[in-house]
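The values are calculated or read from the model by the stated rules, or taken from the named source; none is laboratory data. Every value quoted in this text rests on a predicted model; they were computed, and no experiment measured them. Here the Cβ positions follow ideal geometry from the backbone for every residue, glycine too, while neighbour counts run over all protein chains shown. For accessibility, only protein heavy atoms count, side chains too; no ligands or nucleic acids. Shrake-Rupley method; radii C 1.70, N 1.55, O 1.52, S 1.80 Å.
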Amino acid sequence: MSSTKERVCIIGSGNWGSAIAKIVGRNVIGSSRFEEPINMWVFEEMIDGRKLTDIINTEHENVRYLPGIQLPANIRAVPDLLDAVKGATVLIFVVPHQFVKGICDQLHGSVPPTTKAISLIKGVDVKAKSLALISDVIAQSLSIDVSVLMGANIANEVARDKFCETTVGCRVRANGELFRELFNTPYFRVNVVEDVAGVELCGALKNIVAIGAGLADGLEYGDNTKAALIRIGLMEMKKFARMFYQGVKEETFFESCGVADLITTCAGGRNRRVAEAHARTGKPFEQLEQEMLNGQKLQGTSTALELHEVLRQKGLCKEFPLFTTIYEICYENLPASRIVENI
Ligand SMILES: NC(=O)C1=CN([C@@H]2O[C@H](COP(=O)(O)OP(=O)(O)OC[C@H]3O[C@@H](n4cnc5c(N)ncnc54)[C@H](O)[C@@H]3O)[C@@H](O)[C@H]2O)C=CC1
Ligand SMILES: O=C(CO)COP(=O)(O)O
């Protein structure tokens, strides 16, 4: 007899993908709603002569992207994307945003329309010079409903069971509630709101602001300057989100995905850390990403570029001086000190 339970597949296995695998892997144990085995699609690579999938499946640890954390044994690493999603009724998308289109192209035609998906991906897409949400890219490509989960969730802290909150944005309330059940734990508290665009744009845009915060740190400008950049960044995030997506709610910016994620990313995130190194050394971001992140990916620089394409196209650069300056520092060799002068 076939199971009536939901079958979950995680698409992605980086730093956040692995931390989230720990949460959902544990949460489905003994569940009446979800099957216990969970496939996690892994972009295969060799580590000291061994396949990463073999290491995960035998040692239950993602030694490359989340070392030192034991994953539940019901998480099964699968190197083939189509094998991984076979039979899944729930898909969790958690890859760096630059890879999502290629993944959707591969999945096209292999995902039933009743599938419920959620995107944990912080980024945006620019299509024909106009902005698209990553959740819309997935939804349109696969003709399925896509919720989002964003929050103040530095993966290494979540993986160590340190208390935090997160925000699920949904279009279909029942799917939002399903995702609450899948993700919520006493130390990972989920709040569900019906504002997908607001939640997702908070998650994407705060990565640009984090670059600004890191530059200020690298230049040793102090806490007041950093707070000012965070405040101005929040205002630009809000202005941008509401200009491009009618219906984005004011309250969303006070959820975990909004102000809380800004604070944590500007204090401890990878975007901040690499931007600090850029201000100190003058090395290009791409080089620092490779030197400092061991295969993990920066999202803030490419998001600044993508946003800039849209702002320039619409003649809006002057209305977003912080986003524009960060783009120019990342891509046009503007000195880091202009972060303050230009705004
Ligand atoms: N790490 C964190 O603390 C958090 C990350 N996020 C978001 O989650 C998303 C995923 O980030 P992470 O899990 O941290 O990833 P990551 O940056 O740690 O890892 C990079 C991942 O990309 C994969 N990869 C490399 N080349 C690829 C290719 N050509 N095609 C497909 N995959 C490839 C690698 O195998 C690895 O799994 C991002 O949008 C990020 O902003 C959200 C919340 C917290
Ligand atoms: O999104 C994050 C925390 O919520 C992680 O941010 P970084 O990618 O800058 O590490």
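Rounded to the nearest 20 debye, the dipole size of the stretch 198-338 about its Cα centre is 180 debye, using +1 on the Cβ of Lys and Arg and -1 on the Cβ of Asp and Glu. In loop segments of the stretch 115-198 as defined by DSSP, the trypsin sites (Lys or Arg not before Pro) with at most 16 further C-beta atoms inside 10 Å of their C-beta are K129, R160, K162, R171. Each helix, a run of at least 4 DSSP H residues, gives -39500 (n - 2.57); summed and divided by the residues of the chain, these come to -14000 deg cm²/dmol at 222 nm.
For the chain, the alpha carbon convex hull comes to 131 Å³ per residue, rounded to a whole number. Just so you know, the Cα atoms of the stretch 276-343 work out to an Rg and Dmax of 12.6, 38 Å.
Dividing the C-alpha radius of gyration of the stretch 1-146 by 2.2 N^0.38 Å, with N its residue count, gives 1.04.
Note the full-extension length gain between V172 and K283 as 0.36 nm times their separation in residues minus their Cα-Cα distance, in nm to one decimal. The partial results should precede the final answer.
Numbers: separation 111, 0.36 × 111 = 39.96 nm, distance 4.52 nm.
Extra length from V172 to K283 when fully extended: 35.4 nm.
Label zone of T4 (point 7 Å out along Cα→Cβ, amide N under 18 Å): in the stretch 80-104 this covers 89-90.
The residues packed around R312, meaning those with a beta-carbon under 15 Å from its beta-carbon, carry a net charge of -2 if Lys and Arg are +1 and Asp and Glu are -1.
How high is the relative contact order of the chain, in percent, with contacts defined as C-alpha pairs under 8 Å that are six or more residues apart?
Numbers: 675 pairs, mean separation 50.4, N = 343.
Answer for the chain is 15 percent.
The local environment of E6, defined by Cβ-Cβ distances under 10 Å, has a net charge of +2 under the rule Lys, Arg +1 and Asp, Glu -1. Approximating the spin labels as points 7 Å out from Cα along Cα→Cβ, the Y331-to-E59 distance works out to 3.9 nm. Among the cysteines of the chain, C9, C104, C164, C170, C266, C317, C330 have no other cysteine beta carbon within less than 4.7 Å of their own. In a simple Cβ point-charge model (Lys, Arg +1; Asp, Glu -1; nothing else charged), the stretch 8-194 has a dipole of about 360 debye relative to its Cα centre. Per residue, the convex hull spanned by the alpha carbons of the stretch 150-276 comes to 93 Å³. A 1.4 Å probe run over the protein chains yields, for the chain, 42 Å² of accessible area per residue, whole-number rounding.
Loop-resident GluC sites (Glu not before Pro) (DSSP state other than H, G, I, E or B) in the stretch 150-227 with no more than 14 further Cβ atoms inside 10 Å of their Cβ: E220.
How much of the accessible area of the stretch 235-320, probe 1.4 Å, is carbon plus sulfur, in whole percent?
Working: 2010 of 4120 Å².
Result for the stretch 235-320: 49 percent of the exposed heavy-atom area is carbon or sulfur.
Take the Cα of K86, step 7 Å toward its Cβ, do the same at S143, and the gap between the two points is 2.3 nm.
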